[in-house]
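Input: a single structure, listed below in structure tokens.
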There are 2 protein chains.
Amino acid sequence: MKALIVGTGAVGGFYGALLARAGAEVAVVSRSDYETVRRDGIHVRSPLGEWTFRPAAVYRNAAEVASPPDYAILCTKVLPHIDRPALIRDAVGPDTAIVLIQNGVEIEDEIVEAFPDHELISGLAFVCVSRTAPGQVWHQAYGNLMFGDYPAGVSPRVESLCAAFDRAGVRARAAADIVAARWRKCVWNAPFNPLSVLSGGLYTSDILQSQEAFVRTLMGEVCAIAATTGHPLPEDVIDRNIEDTRRMPPYKTSMLLDFEAGRPMETEAILGNAVRAARREGVPVPHLESVYALMQLRQRQLDKRPS
Amino acid sequence: MKALIVGTGAVGGFYGALLARAGAEVAVVSRSDYETVRRDGIHVRSPLGEWTFRPAAVYRNAAEVASPPDYAILCTKVLPHIDRPALIRDAVGPDTAIVLIQNGVEIEDEIVEAFPDHELISGLAFVCVSRTAPGQVWHQAYGNLMFGDYPAGVSPRVESLCAAFDRAGVRARAAADIVAARWRKCVWNAPFNPLSVLSGGLYTSDILQSQEAFVRTLMGEVCAIAATTGHPLPEDVIDRNIEDTRRMPPYKTSMLLDFEAGRPMETEAILGNAVRAARREGVPVPHLESVYALMQLRQRQLDKRPS
């Protein structure tokens, strides 16, 4: 299996290293960390072990890629200013499957439009991992993956990809309706990520203790959008999310970590896309709309500050 | 006219100084600034002039007040931990009218319950004034007042009070429906005050440029509550608020100034009371509910920080 990881941040570095450990030939496209990754590889510290991943090749961009991979795996953040098709276009051959390990809902259409004839495997990571320095990845907890063909189905290539990750030590599950899985993850992300930022830095446990009813209302609105788009979620999805959160140790969301570190936040992929889907489908989501409006104000204030 | 000003912050210091200038005998209750105010009086810097207000008497608390005033004028903030009836109880005689120059909606009932047999004059200040140090008041702009009997009407005592302030150089208007006037002020306060804080410090002009539709939605919910409680506001109240805000110079709300200075915010008086009124009346206000939930989270985070 020949894989190309695009983006050597936390997610790309970690899952690229795992694929290599499973025996795949893994090259990487590294923009900002090119020099370090080329010279030293990517060092992984994890409950699964500590090792250095030396990519089969390190490229500055897709145009340098010598021969097309079986899987072109996009691991960047989903941000308005990142042109995701452009990041992989020159590396995609006629038989390359495009894989997303990225956050958010409704993030696939941009890729489908750019590559209408390619298999698109949409994937989610449930992981606590951070890039502590260029070429340094710290995997703290969790790590499960979920992959499925977009818009639906499980192809042999999805099965192979899951099997490879399974061999490397994380649980990778094939999902026949990956879009529903995205909405299900959004049930948690859409409230907790923005609320952690807008509150000025509360842990998930504090948010839940203080405003459980509000969190449940936001979750209910996400469920309503999911159902209207043809992906109804299980009846108990809200209760289970609340119970799971209550059992977690006090947790800083990824958006809060980005906010505190001055990195861009995935507001549009997670919250903006959900709200836009609701507007398109005519689903009233006044509480999500309010949180989204406030996140846009928060972002405006961040954009105004001298960097 | 004998007046007792309770609270010598920005509002109390400024309007007490004006009443004295109009010839009234003005004593003050000053808790935190007692020593300074007793020794030096209250220095006022204002477009109306610069002068020192020397109160007829300075008390630490209402129990020290020798003889009851004609008007006991509460000028503190409205905060959950401030027991407003207790602040004036010992100074209120049988003929004392109680006056509020305070922010918020539905802030009168606590006073009515404590003093059911006294005239209650509810008042609003439209003013940009700050306390720059103990006994130092800086009046920057505006200054108009509005007074009316609670729950409704304009008594001779209201007229006298307005006349005194008029003599002192600010426009004081008698309002037959002061409750409607409070709701009208809330139309502006309920969106702009919390949004300025939750955005991390935006000026009113930025909020309006970025999220005018959201601001209008919040204003519409305040209008709906006001109408349901029997105080319908003029049809054009939202348009006029938007236009007035657009004409204002970039403006930091009072809640933002409090937030930035680490002072308590009047979230409950302005936003919490509006939301509670909506719940009581069965008016759906999902956007105000969201903003209120977020302000409570923001407050929780502030309460957690080491002071």
Original post:
Of all DSSP beta bridges located in the protein assembly as shown, what percent are antiparallel, nearest 5?
Top reply: 40
Original post:
Hey, if you put +1 on the Cβ of every Lys and Arg and -1 on every Asp and Glu Cβ in the range B:180-303, which of B:210, B:262, B:227 ends up farthest toward the positive end of that dipole?
Top reply: B:262
**OP:** Please tell me which of these pairs span more than 27 angstrom C-alpha to C-alpha: A:252/B:185; A:2/A:252; A:77/B:252; A:77/A:304; A:77/B:304?
**Re:** A:252/B:185; A:2/A:252; A:77/B:252; A:77/B:304
Original post:
Gaussian network model of chain B, Cα springs within a sub-10 Å range: biggest mean-square fluctuation belongs to which of B:210, B:46, B:155?
Top reply: B:210
Original post:
Shape of the range B:180-303 from its Cα gyration tensor (a ≥ b ≥ c, root eigenvalues): rounded if a/c is under 1.5, otherwise prolate when a/b > b/c, or oblate?
Top reply: oblate
Original post:
If each of residue A:242 and residue A:64 carries a label point 7 Å out from its Cα toward its Cβ, how far apart are those two points in nm?
Top reply: 5.1
**OP:** Between the label point of residue A:61 and that of the same position in each other copy, find the distances and list them shortest first in nm, with every label point placed 7 Å from Cα along the Cα-to-C-beta direction.
**Re:** 7.3
Original post:
For residue B:173, which inter-copy label distances result when the label point lies 7 Å beyond Cα on the Cα-to-Cβ vector, reported in nm to one decimal and in ascending order?
Top reply: 6.3
Original post:
Which GluC sites (Glu not before Pro) from the range B:250-296 combine a DSSP loop assignment with at most 16 other Cβ atoms within 10 Å?
Top reply: none
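Can you give the accessible area buried between chains B and A, summed over both chains, with a 1.4 Å probe, in Å² to the nearest 100?
Working: alone 13690 and 13700 Å², together 25050 Å².
Protein heavy atoms only, the B-A interface buries about 2300 Å².
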**OP:** Determine the share of chain B's accessible area contributed by carbon and sulfur atoms, expressed in whole percent, with a 1.4 angstrom probe.
**Re:** 49
Original post:
For the range B:150-231, what does the alpha-carbon gyration tensor say about shape, rounded, prolate or oblate, given a ≥ b ≥ c as the root eigenvalues, a/c under 1.5 as rounded, and a/b over b/c as prolate?
Top reply: oblate
Original post:
residue A:135's amide H: which non-local residues (gap 5+, or another chain) put their own amide H closer than 5 Å, with H modeled 1.01 Å from N in plane and none for Pro or chain starts?
Top reply: none
Original post:
For the range B:165-214 and the range A:204-272, what is the separation of their C-alpha centers, rounded to whole Å?
Top reply: 32
Original post:
On average, how much accessible surface per residue is there in the range B:2-176, in Å², for a 1.4 Å probe, leaving out ligands, DNA and RNA?
Top reply: 41
Original post:
If you rank B:206, B:95, B:236 by how much accessible surface each has, with a 1.4 Å probe, what is the order from largest down?
Top reply: B:95, B:236, B:206
Original post:
Measuring label to label, 7 Å along Cα→Cβ, what does residue B:242 give against each other copy in nm, shortest first?
Top reply: 3.7
Original post:
In whole angstrom, how far apart do the alpha carbon centroids of the range A:116-163 and the range B:74-114 sit?
Top reply: 61
Subject >> Kirkwood-based shape ratio for the range B:39-91, expressed as Rg/Rh from alpha carbons >> reply: 1.03
Original post:
Among A:132, A:52, A:76, which one shows the biggest mean-square fluctuation in a GNM of chain A, springs joining Cα atoms closer than 10 Å?
Top reply: A:132
Original post:
With every protein chain in place, what's the accessible area of residue A:165 (1.4 Å probe, Å², nearest 10)?
Top reply: 0
Original post:
How much mean residue ellipticity at 222 nm does chain B get from its helices, if each DSSP H run of length 4 or more adds -39500 (n - 2.57) and you divide by all residues, to the nearest 500 deg cm²/dmol?
Top reply: -14000 deg cm²/dmol
**OP:** Just read off the accessible area of residue B:43 with the full protein assembly in place, 1.4 Å probe, to the nearest 10 Å².
**Re:** 50
Subject >> the protein assembly as shown: C-alpha gyration tensor shape, a/c 1.5 cut-off, then a/b vs b/c >> reply: prolate
**OP:** Any chance you could check the range A:280-307 for residues losing 20 Å² or more of accessible area when the partner protein chains are in, compared with the chain on its own (1.4 Å probe)?
**Re:** A:286, A:287, A:290, A:293, A:294, A:296, A:297, A:298, A:300, A:301, A:304
Subject >> Candidates A:136, A:296, A:209, ranked by Gaussian network fluctuation over chain A, Cα under 10 Å, top entry >> reply: A:209
**OP:** Heads up, I need the accessible area for residue B:138: 1.4 angstrom probe, whole protein in place, Å², nearest 10.
**Re:** 90
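The values are calculated or read from the model by the stated rules, or taken from the named source; none is laboratory data. Here the structure is a predicted model, which is why all the values come from computation and not from measurement. Cβ sites come from the backbone with ideal geometry, for glycine too, and all protein chains shown count toward neighbours. These area figures cover heavy atoms from the full protein model, side chains too; ligands, DNA and RNA do not enter into them. Shrake-Rupley method; radii C 1.70, N 1.55, O 1.52, S 1.80 Å.
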